[in-house]
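Working notes, beginning with the structure itself.
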Ligand code: HEC
């Protein structure tokens, strides 16, 4: 069952295609030969140089009613926080972008990748007195969903979930009947979390008619809203279609025509992993979808490579494990730990709270290797799929290696209710206090 769950989870990444990392446009660049704005001469101003940078790099999250705790949309929002902003930008804390493009790792296509010149400019602006410059009308912030824009479809969860009074984690599945009269080709499917403080991650599955009866029975047999589920959704025919993890807002395929289908009489089910470390409350998360602008002609392939045998002894400072998978000839041959040949265009990493670093490499036939994804400082709160600027060719005979590092020492422990937890034996598992090591790649045809 677990194995199956992860095969399905692999398909998620494939259909989801590309998450927050894919959204957004690239920063406006100065004409060749010209000095960067504010680089010399006049001090930079908010309306001159800083506002465009903040709207490119920050306001997708820092806008009202969104992921970040405060807005940076207007001058009135920004000026009182100027020093704070400069500090967060200078030390690399903001924008949150855990993956590095150093050491030969592929450049990532995401507005959260902030060039050093822009960081320097923000610092210079604050150091020279954070001048306003000539006022301009307030700008609209970019869509929090990135290039996809607002979802074209929202499928409301009919139920509100109330957290139980005890237990650290809960897995709950909600059946959502989309009621579509005809097949809908989608670029992406996602989840709009109702209460992101409680939603650890959420996965959307579609269930073909032969599994729909069993699905509805599971729902009907559980007296509370939805039904209890762990690992998968309890119906073997379910096919993963999209997901949400913290730090991930939207999903965009790298080329039109890549995506999946929502089909009449295939109900959807969203499996939500709740974790109550940040408090208990109510949640009503919906399924969202983006209709494909073009007919969907290709469903991407995926690799899901993980270590299901993790054992982390208490007190140990540095534990490193790696697993290998093969590139195979086609999607039919692809199985757990394998991926079809083609163009790798996105990568996703998953560990839990004790994770320290994560790396995925493509190992060529001659034994040399090439970095696919490197997260030197794992941060559980900032996950997501990273889309590459240029897809990477993967051929039969090559292998993929996933390397995870953990810290299970006294200092490596998470805080719960403000108290650092004592180290304990940690093994593989889906609870937030267990550990995982999973690398996923999304692959399209050449
Ligand atoms: C992907 C979403 C996202 C982007 C993009 C982003 N932020 Fe944030 N920011 C957050 C969240 C969420 C927090 C709350 C603290 C946390 O979770 O790390 C935060 C916190 C902050 C803080 C407070 C840091 C502290 O010391 O607690 C500052 C300052 C900040 N952001 C500035 C910026 C600036 C400036 C940019 C752009 C250059 C930016 N952020 C881009 C999501 C984002």
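The values are calculated or read from the model by the stated rules, or taken from the named source; none is laboratory data. Just so it is clear, the structure is predicted and the values come from calculations on it, not from any experiment. Every residue, glycine as well, gets a Cβ built from its backbone with ideal geometry; the counts of neighbours run over all protein chains shown.
Filtered by the rule that a residue be at pLDDT below 95 and touching a strand residue (DSSP E or B) at 6+ places or on another chain (Cβ under 8 Å), the stretch 415-426 gives a lone residue, 421. Restricting attention to the stretch 147-169, the residues being buried (at least 20 other Cβ atoms within 10 Å of the Cβ) and at pLDDT 90 or above number 4. Here the stretch 102-117 is the region considered, the condition is being closer than 23 Å to residue 145 by Cα, touching a residue at least 24 places away in the same chain (Cβ under 8 Å) and assigned to a loop (DSSP other than H, G, I, E, B), and the residue that is farthest from the ligand (Cβ to nearest atom) is 107. Against the test of being more than 16 Å from the ligand (Cβ to nearest atom) and under 24 Å from residue 440 (Cβ atoms), the options 281, 213, 232, 226 yield a single qualifying residue, 232. Is it fair to say residue 33 is surrounded by fewer than 17 Cβ atoms within 10 Å (Cβ to Cβ), part of a loop (DSSP other than H, G, I, E, B), more than 10 Å from the ligand (Cβ to nearest atom) and at pLDDT 90 or above? Judged against the criteria, residue 33 is not a match.
Within the stretch 375-390, can one find any residue that is free of Cβ contacts under 8 Å to residues at least 60 places away in the same chain and touching a strand residue (DSSP E or B) at 6+ places or on another chain (Cβ under 6 Å)? Within the stretch 375-390 (the criterion being free of Cβ contacts under 8 Å to residues at least 60 places away in the same chain and touching a strand residue (DSSP E or B) at 6+ places or on another chain (Cβ under 6 Å)), the answer is no, since none of the residues qualifies.
Being part of a strand (DSSP E or B), in contact (Cβ under 8 Å) with a residue 12 or more places away in the chain and touching a helix residue (DSSP H, G or I) at 6+ places or on another chain (Cβ under 7 Å) holds for only one residue in 344, 304, and it is 304.
To keep it simple, each residue is scored yes or no on (1) assigned to a strand (DSSP E or B); (2) at pLDDT 95 or above; (3) away from the ligand (no atom under 13 Å from the Cβ).
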position: 83; (1), (2), (3): no, yes, no
position: 87; (1), (2), (3): no, yes, no
position: 100; (1), (2), (3): no, no, yes
position: 119; (1), (2), (3): no, yes, no
position: 144; (1), (2), (3): no, no, no
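Note on the stretch 40-69: residues that are in a helix (DSSP H, G or I) and either more than 8 Å from the ligand (Cβ to nearest atom) or in contact with a strand residue (DSSP E or B) (Cβ under 7 Å, 6 or more places away or on another chain) (or both) total 9. Scanning the stretch 70-81 for residues that are crowded, with 17+ Cβ neighbours inside 10 Å and near the ligand (Cβ under 10 Å from one of its atoms) returns 72, 78. If we keep just the residues of the stretch 121-131 that are assigned to a loop (DSSP other than H, G, I, E, B) and closer than 18 Å to residue 72 by Cβ, which is nearest to the ligand (Cβ to nearest atom)? Restricting to residues being assigned to a loop (DSSP other than H, G, I, E, B) and closer than 18 Å to residue 72 by Cβ, the top hit is 130.
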